[in-house]
Amino acid sequence: MHVAWALLFVFPALMAFAAFSDLLTMRISNKLVLATAASFFVLALVVGFDIAQIGWHIAAGALVLAITFGFFAAGWIGGGDAKLAAAIALWFGFEPMLPFLLYASIYGGALTLLILIGRRYMLPAPLMQIGWIERLHNEKTGIPYGIALAAAALMVYPASPVFLALVK
């Protein structure tokens, strides 16, 4: 039973790492995306998902990847964001995907507005010396959308099939 409770924290830990990584570096690494996807498969086997359930989760991840790749191609989000969204969808499957995408849209829009408004104002000189703050304030850099994705994922995680299977 203690192992199951410890496993509940795998996904939140990955999401926290994704959010902080994107905030501090404006990048979501492929290793993190792979760890997120791989951990789904491990936990799906631990909780006893059958091949059909895993297949539906793969389909959900593939659908989100196709859509977010289009967003990436249009220049709306970064490649890491697109891959992370797909890895999160892999965890959730179709059922909690709509709330996840809704939260991600709301949080992403709010984050974008806050950053764009903040970029209109001069930062105090000491803050400009801090690399990640200077990058975040620079109008030529993007928006760390991984923060919104991670926050949305954490909101929906308690309704995810893996979470529900672990707390049985």
Could you tell me which of the residues LEU63, LEU7 is modelled with pLDDT under 95 and out of contact with any Ser or Thr (no Cβ under 8 Å at 6 or more places or on another chain)?
LEU7
Hey, can you tell me all the residues within the stretch 32-66 that are out of contact with any helix residue (DSSP H, G or I) (no Cβ under 8 Å at 6 or more places or on another chain) and either surrounded by 17 or more Cβ atoms within 10 Å (Cβ to Cβ) or among the β-branched types (Val, Ile, Thr) (or both)?
VAL42, ILE51
Complete set of residues in the stretch 67-107 that are surrounded by fewer than 23 Cβ atoms within 10 Å (Cβ to Cβ), of a type in the set (Phe, Trp, Tyr) and assigned to a helix (DSSP H, G or I)
PHE69, PHE71, PHE72, TYR103, TYR107
Among residues belonging to the stretch 34-45 that are in contact (Cβ under 8 Å) with a residue 40 or more places away in the chain and more than 17 Å from the chain's Cα centre (by Cα), point out the one that is farthest from LEU7 (Cα to Cα).
ALA44
Return the pairs, sorted by first residue and then second, in which the second residue is exposed (fewer than 13 other Cβ atoms within 10 Å of the Cβ) and at pLDDT 85 or above, the first residue lies in the stretch 109-133 and is closer than 17 Å to TYR145 by Cβ, the beta carbons are less than 7 Å apart, and the residues are 6+ apart or on different chains.
ARG119/GLU139
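The values are calculated or read from the model by the stated rules, or taken from the named source; none is laboratory data. Note that this is a predicted model, so its numbers are computed, not measured. Cβ sites come from the backbone with ideal geometry, for glycine too, and all protein chains shown count toward neighbours.
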